[in-house]
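The values are calculated or read from the model by the stated rules, or taken from the named source; none is laboratory data. Predicted model, so just to flag it, every value in this text is computed and none were measured. FYI the Cβ positions are ideal-geometry reconstructions off the backbone, even for glycines, and counts take in every protein chain you see. We work out accessible area using only protein heavy atoms, side chains counted, and drop any ligands, DNA or RNA first. Shrake-Rupley method; radii C 1.70, N 1.55, O 1.52, S 1.80 Å.
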Amino acid sequence: MKYLVFLLVAATMVFANDDGCTDTSIGSYSPGSDAISLTLENDWAQSQQVLGLDAVDGSILGSDRNGMKLQFYDNSTGAPATSIPLDAANTNCFGLAWNNNATTPVYYTDDWTDSDLYYTEDAGTSWATVTSPAGNKARGMDFDGTDYWCTNADGGGLWIFQPGGAQVNVAIPEVPTQPSGLAVFPYEGDLGVAVTAYNTHNFYFYHWDGSNMIYLGSAPCPVSGIASSYGLTYSDVNQHLYWSYKDGSDVYHLTEVSFSITSLTRSSWGAIKTSF
């Protein structure tokens, strides 16, 4: 009986937070790589929770699990605008992604206590579900124009998938702790991928050439005093990243971050590929 009580208490502690983090490591930074540069352009403190992010035209969309909504923010001022209600069953939403179609928008969300992806085609009036490739381990999400992406918590890399269809898992061993945010962006005619982690306060960058995930390097998050690092997205409007975090006073922040990546030579890519 004592052992059962201990297990119940331990399970409660794992999910005692309100942000989906199950990682018990202490927050830290790593030195980063010379090839990656991050510059903080704006930092907007928010009065509500800001977890997963996606860029929707001239706005940034963030998940507020506590408020049971997806919140739009102006991408130049950080000011909250309209919102979309979450499905009543989607009580632990973190990640979100839209289909990049302003005419017929579809929004997907995940949940850290069930294995469903929720989606709406009518701005939250009704929702349906499809099974998540990451189960309840999905956090950050994005859409690259063809495929959807999500992180897979607890060292499970990334999933590239079609909702309810084909899926592939790709390793990202360079991220040492539980991943949180995810953004894809144009890079060298292919895709760039950026990942953040709850408790390792760096941005990790990759090049996805359609079959290989090539590590480009990392850079420390461009602020100090981070308690938890959350969502990440890329805006086509200004080619900047948007990132959310919580500070040591439990205040949530939405930020705008410019970045640069020093390109690797083709020979370097080959060397990196053969090292996996």
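Annotations
- Residue in the stretch 240-250 that is of a type in the set (A, V, I, L, M, F, W, C), surrounded by fewer than 19 Cβ atoms within 10 Å (Cβ to Cβ) and over 17 Å from residue 175 (Cα atoms) present: no
- Applying the set (1) open to solvent by 40 Å² or more (accessible area, probe 1.4 Å); (2) within 20 Å of residue 233 (Cβ to Cβ) to residue 26 leaves exactly one unmet item: (2).
- Residue among 119, 148 that alone is open to solvent by 40 Å² or more (accessible area, probe 1.4 Å) and under 18 Å from the mean Cα position of the chain (by Cα): 119
- Every residue from the stretch 125-145 that is assigned to a loop (DSSP other than H, G, I, E, B), open to solvent by less than 40 Å² (accessible area, probe 1.4 Å) and closer than 16 Å to residue 54 by Cα: none
- Which listed residue is part of a strand (DSSP E or B) and modelled with pLDDT of 95 or more, from 54, 19: 54
- Sub-9 Å Cβ pairs linking a first residue in the stretch 77-101 that is closer than 13 Å to residue 113 by Cβ to a second residue that is of a type in the set (S, T, N, Q) and open to solvent by 30 Å² or more (accessible area, probe 1.4 Å), at least 6 apart or interchain, are 89/129; 90/129; 91/113; 92/113; 92/136, ordered by first then second residue.
- Taking the criterion of being of a type in the set (Val, Ile, Thr), outside any loop (DSSP other than H, G, I, E, B) and in contact (Cβ under 8 Å) with a residue 40 or more places away in the chain, the residues of the stretch 163-194 that qualify are 170, 184, 193.
- In the stretch 232-257, the residues that are more than 19 Å from residue 195 (Cβ to Cβ) form no Cβ pair under 7 Å with any partner that is open to solvent by less than 10 Å² (accessible area, probe 1.4 Å) and basic (Lys, Arg), whether six or more places apart or across chains.
- When residues in the stretch 209-233 are screened for being small (Gly, Ala, Ser), touching a strand residue (DSSP E or B) at 6+ places or on another chain (Cβ under 8 Å) and open to solvent by 20 Å² or more (accessible area, probe 1.4 Å), 3 of them pass.
- Of all the residues in the stretch 29-58, those that are surrounded by 19 or more Cβ atoms within 10 Å (Cβ to Cβ) and among the small types (Gly, Ala, Ser) number 2.
- Residue match in the stretch 196-206 (condition: assigned to a strand (DSSP E or B), open to solvent by less than 20 Å² (accessible area, probe 1.4 Å) and in contact with a His (Cβ under 6 Å, 6 or more places away or on another chain)): no
- Applying a threshold of 7 Å to beta carbon distances and a minimum spacing of six or more residues, or different chains, the list of pairs starting in the stretch 196-217 at a residue that is more than 16 Å from residue 178 (Cα to Cα) and touching a residue at least 60 places away in the same chain (Cβ under 8 Å) and ending at one that is of a type in the set (Ser, Thr, Tyr) and in a loop (DSSP other than H, G, I, E, B) reads 217/33.
- Test result for residue 153, open to solvent by less than 50 Å² (accessible area, probe 1.4 Å) and modelled with pLDDT under 95: yes
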